[in-house]
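J.: Below is the structure I would like to discuss, written out as C-alpha cells.
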Amino acid sequence: MDKILAGLQVFPPALYRFAFIGALAFALFMAVIPHGADPTAAVNDKVKHAITFMVLFAMLDLAWPTVGMPWWKPVGLLAFGMLIEVCQKLTGYRSFSVGVILWPMVWECWRILVFTS
C-alpha cells in the first residue's frame, strides 16, 4: 500500500485538494438525489458508503499529507458523514441513519490497524 501511495504522491497536494473538494461535492450530491435518479441504485447502500469513505480517506491523505494520523482527518470525515445524514433527512425522500455515520469510524479504525502496523 505504501508503494501505491508513494506513486500517487508525484502530483502536488494542491491538485489532490482540488479533487478532494470535488469528491466531497459529488458525494453530497449523490447522497441527496432521489432513489429513482440514482444510477448506483442496484448497489447495496452499505457497500456504497464503505467505498465512498475509503476513497475520501485516501484522497484526504493525498491532499493533506501528514506523518501519522492527526485527529482532524477522521473527525472531519465523520462530520461530513453527519452533514450528509442531516441533508438526507431534510429532503423528505431520504432517511437519517446513525448506522451510516459509523462507517467512516469503522473504516478509519481498520485502516489504522492495517496500514500503520
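The values are calculated or read from the model by the stated rules, or taken from the named source; none is laboratory data. Remember, it's a predicted structure, so these values are computed and weren't measured experimentally. Don't worry about glycine lacking a Cβ; one is built from the backbone with ideal geometry, like all the others, and counts go over all protein chains shown. Protein only, heavy atoms only, side chains kept; ligands, DNA and RNA dropped before computing areas. Shrake-Rupley method; radii C 1.70, N 1.55, O 1.52, S 1.80 Å.
J.: Given R₀ = 25 Å, what would the calculated FRET efficiency be for Val75 paired with Val55, taking r from the Cβ atoms and rounding to 0.05? If you can, show how the numbers build up before the last one.
T.: On the way: r = 18 Å, r/R0 = 0.73.
E(calc), rounded to 0.05, equals 0.85.
J.: I need the P(r) histogram for the chain: all alpha carbon pairs, bin width 5 Å from 0 out to the longest distance, whole percents.
T.: 2, 10, 21, 23, 19, 13, 8, 4, 1
J.: Which value in nm describes the separation of the simple spin-label points at Met30 and Leu83, placed 7 Å from the Cα toward the beta carbon?
T.: 1.7
J.: Could you state the angle between the C-alpha long axis of helix 45-63 and the longest principal axis of the C-alpha atoms of the chain, as a value from 0 to 90 degrees rounded to the nearest 10?
T.: In the chain, helix 45-63 runs at an angle near 40 degrees to the longest axis.
J.: Can you give the angle from 0 to 90° between the axis of helix 72-91 and the longest principal axis of the chain, with both taken from C-alpha atoms, to the nearest 10?
T.: The answer is roughly 10 degrees.
J.: I need the calculated FRET efficiency for the pair Leu113 and Asp45, taking r as the beta carbon distance and R₀ as 25 Å, to the nearest 0.05. Could you put the intermediate results ahead of the total?
T.: Working: r = 25 Å, r/R0 = 0.99.
The formula returns an efficiency of 0.50 here.
J.: Which ³J(HN,Hα) values in Hz, rounded to whole numbers, follow from the phi angles of the stretch 28-44 under the Karplus curve 6.51 cos²θ - 1.76 cosθ + 1.60, where θ = phi - 60° and Gly and Pro get x?
T.: The phi angles translate into 5, 4, 5, 6, 10, 6, x, 4, x, 9, 7, x, 9, 4, 6, 7, 4 Hz.
J.: With contacts defined as alpha carbon pairs under 8 Å and 6 or more residues apart, what's the relative contact order of the chain in percent?
T.: Numbers: 77 pairs, mean separation 37.8, N = 117.
So the answer I get is 32 percent.
J.: Could you look at the chain and say what percent of its accessible area is carbon and sulfur, using a 1.4 Å probe and all protein chains? Please list the in-between numbers first.
T.: Working: 5630 of 7350 Å².
Looking at the chain in its full context, I get 77 percent from C and S.
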